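Student: Dropping a structure here in C-alpha cells format, bear with me for questions.
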Amino acid sequence: MCVKSTRPSRIRGLWSLALGLCSSVLLAESPLDRLTAIATDTPDTALRLDVLRGMEAALRGRNGITAPAGWNALESALAASPDAETRRLARNLGTAFGSPRALEALRNIASDGTAPTADRTAALDTLLRTRDAALVPLLQKLTAEPGVRATALRGLAGFDDAKTPAVLLAGFSQFNAAEQRDALNTLASRAAYARPLVEAVRGGKVPKAALTADLVRQLRSLKDATLAADLTQIWGVMKETSPDMSAEVERVKKLYWAGGSQPGDAPRGRVVFNQVCAQCHHLFDTGGNVGPDITGANRADLDYLLQNILFPNSVIPNEYLASTVETKDERVITGMIKSQDANGVTLQTANDMVTLPRSEIRKIEATAISMMPEGLIANLTEQQTRDLLYYLTRPGQVPLPVGTK
C-alpha cells in the first residue's frame, strides 16, 4: 500500500515519536511496548506503516533487543498481510528482536533461486546485519550463483569458518574481475583465510598479479610472522615512504617516455586501471567511490600523476586516512571510519561498507597513512606501466580491447 506524502500531522508526529523513542540510549521496554500496541490496535494502515517504519529506522543495525510485549501476535498478523512492505517491515523488525520466524523467512527468500535478485540481496543484507551464524553454509552455496555471488563473497568475511577458503579458491577462476576482488578481500581478512590464499598464489592457482598493493598491505596488517615472510618472498618488500620522491618520479618518467612518441596503448591501459585502480577511483563512466573521483583531476600533467600514484602518503586529506579494526573473532579490517557512536563503527573498505557493533571490536588503531597504498605499480611490467599512464592522461574514455569483458 502506498502512503500519501501529505500525511495528517498526527501520523508525522507518531513517526517522529517512534524514531525518538526507539533511538533513546536505553531503549527502554515501555516505549517499544507502546509503539507495538499502537501498531496492533490501529485500524489505520497508513499509521501502522508509519510506526513500523519509524521503529525500523531507529533499530537498524541493532540486534538482540528484547521483543516488546505483544510482538509475537503482531508479527504473525503482519507476516500474513497482503502488503509486501508490511511483510518486509515485520521481517526486519523481527530480526532485531531475534525472531526465529523472521530469520527463517529471510533465509528462505535468500535461498530461493526463483525470487527476484533484489529481494534475495536485501534478505542477505538483513541476515548479515544480524550476524546469523546459520547463514554461513548458505553463503558458501550462493558463491556459485552469479546474481547473489558478490553479496555472498563479501558476507563471508564476517564469519570465521574453516570451509570458506576452500570454497572461494575452488570457484575463483569462475568469478568475474569484481567478484575475484571480493573473494580476495575476504581471504585477506583473517590469518586463517590468508594462509590458503598465499599457498594458492605460490602454487599458481591464483595469479601473483592478483595480489595488488592494497591487498598485500591488508595481509601484512594481520601481523602473522609466517605470512609476512611468505609475502616478502612472493611479492617483495613493501615500503610506505620513499627517501627520494623526485628521483623515483624521474625514474618512472624515463621508463614512460622510453615507449616513444605514443608511449602506451590506452585500451590496454584501461584494463590495467580496472585491475589496479577502479575498485577505489572513479574515472569517466566507471570505478568505485572509495577515493576521489579523478575524472576532473589534472591528469594531463605526468608529474602530478606520478606524485599521486607513487607517493599517496605525502599529503593525505583527513577523510582518506585509514584505520585498522581488529575484531574479537580474529578479523582485521582496514578502512576509513565513516561514522561511530556508542553502539558501533562503520568503515568504508576497498570493496564494502562494514558496520561493526562495539561489542565485537577488540581494538581500533588510527593510522597516518592513506587508504591508497604505495607500491600500486611496483609489480606491473614496464609496458603495463606505460599503458596505464597513457590511459590516465587521455581526455576521454576509450573502449576496452576487443574480447575484454
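Throughout, read-outs are computed from the coordinates displayed, never taken from laboratory work. All values reported here derive from a predicted model rather than from experimental measurement. Heads up, the Cβs are rebuilt from the backbone with ideal geometry, glycines too, and the neighbour counts pull from every protein chain shown.
Student: So how strong a dipole does segment 318-370 carry about its Cα centre when Lys and Arg Cβ are +1 and Asp and Glu Cβ are -1, to the nearest 20 debye?
Tutor: Dipole size: approximately 80 debye.
Student: When a/c is below 1.5 the answer is rounded, else prolate if a/b is larger than b/c, else oblate, so apply that to segment 77-130 with a ≥ b ≥ c taken from the square roots of the Cα gyration tensor eigenvalues.
Tutor: It is oblate, given that a/c is not under 1.5 and a/b is not larger than b/c.
Student: Further, regarding this structure: Cα axis of helix 225-234 to longest principal axis of the chain: angle in degrees, 0 to 90, nearest 10?
Tutor: 50
Student: Over what distance in Å are the Cα centres of segment 200-234 and segment 302-326 separated?
Tutor: 21
Student: Place +1 on the Cβ of every Lys and Arg and -1 on the Cβ of every Asp and Glu in segment 313-405, take the dipole about the Cα centre, and give the residue among Pro317, Ile369, Asn351 whose Cα lies farthest towards its positive end.
Tutor: The Cα lying farthest towards the positive end belongs to Asn351.
Student: Among Arg358, Arg91, which comes first, second and so on when ranked by fewest other beta-carbon atoms within 10 Å?
Tutor: By the 10 Å Cβ count, ascending, the order reads Arg358, Arg91.
Student: Still on this model: Can you compute the radius of gyration and Dmax for the chain, using only the Cα atoms, both in Å?
Tutor: So, for the chain, Rg and Dmax equal 24.5, 78 Å respectively.
Student: Over all directions, the average projected area of the alpha-carbon convex hull for segment 280-334 comes to how many nm²?
Tutor: About 5.1 nm², averaged over all directions.
Student: Further, regarding this structure: Counting helices only, and only those DSSP H runs with n ≥ 4, report the 222 nm mean residue ellipticity of the chain as the sum of -39,500 (n - 2.57) divided by its residues, in deg cm²/dmol to the nearest 500.
Tutor: -15000 deg cm²/dmol
Student: Using only Cα atoms, find the angle between the long axis of helix 9-22 and the longest principal axis of the chain, and express it within 0 to 90 degrees, rounded to the nearest 10.
Tutor: Result, in degrees: 70.
Student: Same structure again: For a bin width of 10 Å, list the pair-distance distribution of segment 153-234 built from all Cα-Cα distances, rounded to whole %.
Tutor: 19, 60, 21, 0
Student: Okay, moving on. Between 0 and 90 degrees, rounded to the nearest ten: what's the tilt of helix 245-257 against the longest Cα principal axis of the chain?
Tutor: 70
Student: Okay, next question. Under the rule of at least 5 residues apart or a separate chain, name every residue whose amide H is placed under 5 Å from the amide H of Asp265.
Tutor: Here the answer is Asp387, since their amide H atoms fall under 5 Å of that of Asp265.
Student: To the nearest Å, what is the center-to-center distance of segment 338-405 and segment 255-299, using C-alpha atoms only?
Tutor: Between the Cα centre of segment 338-405 and that of segment 255-299, the gap is 14 Å.
Student: Once Lys and Arg get +1 and Asp and Glu get -1 on their Cβ, which of Trp71, Ala134, Phe159 lies farthest toward the positive end of the dipole of segment 51-172?
Tutor: Phe159
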